[in-house]
Amino acid sequence: AWAVGGPSGLTAGQRLLVFLGTGLWLGQVGHPAGHELIHRPARPLFRLGQAVYTAMLFGQHASAHRLVHHRYVASPQDTNSPRGTESWYRFAPRAWIGSFRQGWREEDALRARASGPQGLHPYAIYIGGGLAALGLGWAVAGWGGLLAWAGLALHAQAQILVSDYVQHFGLSRAILPDGRLEPVGPQHSWNTAHWASSALMLNAPRHSDHHAHPSRPYPAL
């Protein structure tokens, strides 16, 4: 944030290169790591995954991905599954807003079903943590730092939404006679399990296996 938006002494071209490189790192390395962490049953690891997405101003992904996307993938009930031939530019804002709302609704439902006292609402963490991240950008480099971090977060979010878009584009689950969705199968995700991208993204491109076994650690995918 300081290098891009602060008095770093970098030229405009250098600032742009730092911005693009950092944004790619957040989206292609930070996101797969955060994704792996939110699927781990150990609470400290899950909290760390929440922190990754919260810092990228996309905290709702930690809730919507687990509670909505994995349940309703490749169906109209999942806003993070593209609709037929829908363009990414139409998909992205719909998915962002829809995942925010759906994740909040599912978290409310979980809390309503739980017995005993509940801790801080996850969305209070996402919103408060996101504001704190922006505040840190401002503390580091003023308004330029705040805008730089907001731009980096948007860059990373776009890559996350591209992943959802390409991994489920054109795929849909059938409705069974009883009205339920058919079980998730390998035909409901696209895979691109090449060695370089798999190594960089913790085997996330092996997406069909991940949806079939969400809790399976990445080395086993």
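The values are calculated or read from the model by the stated rules, or taken from the named source; none is laboratory data. It should be emphasised that the depicted structure is a prediction, and the values quoted were computed from it without experimental measurement. As a convention, Cβ positions derive from the backbone with ideal geometry for all residues, glycine included, and neighbour counts pool all protein chains shown. Quick note on the areas: whole protein, heavy atoms, side chains included, nothing else; ligands and nucleic acids left out. Shrake-Rupley method; radii C 1.70, N 1.55, O 1.52, S 1.80 Å.
Return one whole number: the accessible area per residue of segment 52-106 in Å², for a 1.4 Å probe.
Counting only protein heavy atoms, the per-residue value for segment 52-106 is 42 Å².
Quick one: with all protein chains in place, what share of the accessible area of segment 121-221 is carbon or sulfur, to the nearest percent (1.4 Å probe)?
Ligands and nucleic acids excluded, carbon and sulfur give 71 percent.
Got a sec? Charge dipole of the chain, +1 on Cβ for Lys and Arg, -1 for Asp and Glu; which of GLY49, ALA114, LEU200 is way out at the positive end?
Value: ALA114.
Got a sec to turn the phi values of segment 173-184 into Karplus ³J(HN,Hα) couplings, 6.51 cos²θ - 1.76 cosθ + 1.60 with θ = phi - 60°, whole Hz, x for Gly and Pro?
Karplus values, whole Hz, x for Gly and Pro: 9, 6, 8, 6, x, 7, x, 7, 6, 4, x, 5.
Divide by every residue of the chain the summed helix terms, -39500 (n - 2.57) for each DSSP H run of at least 4, and state the resulting mean residue ellipticity at 222 nm, rounded to the nearest 500 deg cm²/dmol.
Helices in the chain give a 222 nm mean residue ellipticity of -19000 deg cm²/dmol.
Using a 1.4 Å probe, how large is the accessible area of SER197, given in Å² and rounded to the nearest 10?
Answer for SER197: close to 40 Å² accessible.
Is the shape of segment 151-221 best called rounded, prolate or oblate, per the rule: a/c under 1.5 gives rounded, else a/b larger than b/c gives prolate, else oblate, with a ≥ b ≥ c the square roots of the Cα gyration tensor eigenvalues?
Oblate shape, in that a/c is at least 1.5 and b/c is the bigger or equal ratio.
Determine the shape class of the chain: with a ≥ b ≥ c the square roots of the Cα gyration tensor eigenvalues, call it rounded for a/c under 1.5, and otherwise prolate if a/b is greater than b/c, oblate otherwise.
Judged from the Cα gyration tensor, the chain comes out prolate (a/c at least 1.5, a/b above b/c).
Per residue, how much accessible area does segment 118-214 have with a 1.4 Å probe, in Å²?
Accessible surface, normalised per residue, equals 52 Å².
Just to make sure I understand: if all protein chains stay in place, what is the order of LEU136, LEU161, LEU176 by accessible area at 1.4 Å, largest first?
From most accessible down to least: LEU136, LEU176, LEU161.
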